[in-house]
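See below for the structure under consideration.
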Amino acid sequence: MKRLLVLVVALSTIGLGTVSTAQAQGAGRPGVTATEIKVGGLSSPMSVLNVPYADGFDGVNAYFDIINKKGGVYGKKLKLVAQLDDLGSPSGNIRAARSLVEEKKVFAVMPVMTNSFAGSAYLASKNVPTFGLNIDAGWCGTSTEHRAIEDAIAAGKYDELCNRSTLFGEKGSFICFSCGQIAPAYIALQKGVKRAALFTYTHSSSAACAEGTRAGFKQYGIDLVYEDTSLEFGFSDVSADVQALKDKNVDFVATCMDFGGAFKISQGLKQAGGTGVTFYAPEGYRESTIKKYGSQLDGWFFGLGFVPWQSKVLPAGTKAYLKAMKQKGITPSEQSQAGWINANMFVDGLLKSGKDFTQASVVDAINSFTAFSANGMIPPQNWSNGHGPDTQACTAYVEAVNGKFVPRFGKPGQPLVCFPDNPRPPTLDDPYYLPAKTGTTTTTSAGS
């Protein structure tokens, strides 16, 4: 009887040990098997904005392919098991985010390529490592929380942080939409223009961009003589705006819209005889765009948060990305590159966590990075100071010239034009340049 009791206890102990191990694997290791690490992502359709958000999947898959050919991570292959469509709606975004966690049971969510990120609160509450294209306040917190950080910056306080430390945007988790934008003002100053106009949609993100553009013009002495912030997606009649541009002798137009909307205004102005006007667009840097419109885009400038693909000297990360796209027959895009950067960051986090990685350890590992740059593709991101205001503002500029994108304003091998941020300088007369060269000293990027 005693022997039977001992045997039962022993078996129970073995069983408990087995359950404990399984629980350890399940707690913080969903989607991890003996051979795979499963992730899943979501995107918005091109729809009205005509932005190829789904390209982000191409970037993730391309980076995973390279890692998998080398044996994966700790002998496990990386697999993108779900590519969901959020239908371009907040409710669809939330449903897709829940599906990835509760039905697909992925280890991490990537890429999130959406025009709004309503599912961010859910993913943050589940502490799921999440990576994607940051164009929405949801990467930082609620709209109220995000605005509170912007208000703190306006008051000269730069140490407020985002609440969502498990969310990693390719350009950081915080964007100060209402802060004075440097890029439009810098282009205007470099071109010596005198009279600017601003066009935006009524959508909240476009309106926030308008606030920042307006503030940047005011801060750096650009005369804003005309605004139209009443445009809706898909607008067609630009006659009144075009006449106003001509009447006010506008020589610089900044937009907070997709490329298609900005192009309508540009074409309307040219058809009405308006020439010599410089255009700035935050979106539209695509080979398909320059090939389609060619010299019709002469005089257009685009501001980029990464090294342009046309740079004569390319960093290792950009070379690898462009090579992978070429091998797969895929035209490069900002969205696929963002997916590539997301995958790079994720893999770096896994490697730093060690073979017994969990979701929490991967998040902690990435939040310890002090200079993540995806092998030189982007300005160094210092995640160790938390998710909040940065200490530098860097932009690479390209101009459309005779059907080609041409890098502008940077230095050879250093296309990123940078200024200290939070606080920002009183003038834009003294930039520094990245990627840094040996022996140079620059401001280090802080809490991204």
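The values are calculated or read from the model by the stated rules, or taken from the named source; none is laboratory data. Keep in mind that this is a model prediction, so the values were computed, not measured. When we count neighbours, we look across all protein chains shown, and the Cβ atoms used for this are built from the backbone with ideal geometry, even at glycine. For the accessible areas, the whole protein counts, side chains as well, though only heavy atoms, and no ligand, DNA or RNA atoms are used. Shrake-Rupley method; radii C 1.70, N 1.55, O 1.52, S 1.80 Å.
Specify which of the listed residues (Ser236, Ser205, Ser230) is in a helix (DSSP H, G or I), modelled with pLDDT under 95 and not hydrophobic (A, V, I, L, M, F, W, C). Show your work before the answer.
Numbers: Ser236 fails: in a helix (DSSP H, G or I); Ser230 fails: in a helix (DSSP H, G or I).
After ruling out the rest, the residue left standing is Ser205.
Looking only at the range 77-95, which residues are within 18 Å of Phe57 (Cβ to Cβ) and either open to solvent by 10 Å² or more (accessible area, probe 1.4 Å) or touching a Phe, Trp or Tyr at 6+ places or on another chain (Cβ under 7 Å) (or both)? Walk me through how you get there before you give the answer.
Our first condition is that a residue be within 18 Å of Phe57 (Cβ to Cβ); within the range 77-95, this holds for 77-88, 92-93.
Listed by number, the residues that qualify are Lys77, Leu78, Lys79, Leu80, Val81, Gln83, Leu84, Asp85, Leu87, Gly88, Asn93.
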Within the set of pairs 6+ apart or on separate chains, which have a first residue in the range 348-369 that is among the basic types (Lys, Arg), a second that is at pLDDT 95 or above and part of a helix (DSSP H, G or I), and C-beta atoms under 6 Å apart? Lys352/Ala365
Would the range 160-180 turn up any residue that is among the β-branched types (Val, Ile, Thr), out of contact with any His (no Cβ under 8 Å at 6 or more places or on another chain) and within 27 Å of Ser125 (Cα to Cα)? yes
Which members of the range 427-442 meet the condition of being at pLDDT below 95 and more than 22 Å from the chain's Cα centre (by Cα)? Lys437, Thr438, Gly439, Thr440, Thr441, Thr442
Considering every residue within the range 170-181, establish whether at least one is at pLDDT 90 or above, open to solvent by less than 20 Å² (accessible area, probe 1.4 Å) and of a type in the set (S, T, N, Q). yes
With β-branched (Val, Ile, Thr), within 22 Å of Phe263 (Cα to Cα) and modelled with pLDDT of 95 or more as the only criterion, which of Ile222, Ile135, Ile187 stands out? Ile187
Please enumerate the residues belonging to the range 187-200 that are open to solvent by 10 Å² or more (accessible area, probe 1.4 Å) and either in contact (Cβ under 8 Å) with a residue 24 or more places away in the chain or β-branched (Val, Ile, Thr) (or both). Leu189, Gln190, Lys191, Val193, Lys194, Arg195
Residues of the range 321-350 being farther than 16 Å from Arg29 by Cβ, in contact with a helix residue (DSSP H, G or I) (Cβ under 8 Å, 6 or more places away or on another chain) and of a type in the set (A, V, I, L, M, F, W, C), in sequence order, are Ala324, Met325, Ile330, Ala338, Trp340, Ile341, Ala343, Met345, Val347
All but one of (1) open to solvent by 10 Å² or more (accessible area, probe 1.4 Å); (2) aliphatic (A, V, I, L, M); (3) assigned to a loop (DSSP other than H, G, I, E, B) hold for Leu351; state the number of the condition that does not hold. (3)
Answer yes if at least one residue in the range 383-392 is open to solvent by less than 10 Å² (accessible area, probe 1.4 Å), polar (S, T, N, Q), within 27 Å of Met113 (Cα to Cα) and in a loop (DSSP other than H, G, I, E, B), and no otherwise. no
Tell me, which residue of the range 102-123 that is surrounded by fewer than 20 Cβ atoms within 10 Å (Cβ to Cβ) and of a type in the set (A, V, I, L, M, F, W, C) is nearest to the chain's Cα centre (by Cα)? Ala118
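Could you tell me which residue of the range 393-412 is farthest from Ala185 (Cα to Cα), considering only residues that are among the aromatic types (Phe, Trp, Tyr) and open to solvent by less than 30 Å² (accessible area, probe 1.4 Å)?
Taking the range 393-412 first, the residues among the aromatic types (Phe, Trp, Tyr) are 397, 405, 409.
Those left that are additionally open to solvent by less than 30 Å² (accessible area, probe 1.4 Å): 397, 405.
On the way: Tyr397: 12, Phe405: 20 Å.
Looking at the filtered set, the residue picked out is Phe405.
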Mind checking which residues of the range 135-144 are over 18 Å from Asn385 (Cβ atoms) and not in a loop (DSSP other than H, G, I, E, B)? Ala137, Gly138, Ser143, Thr144
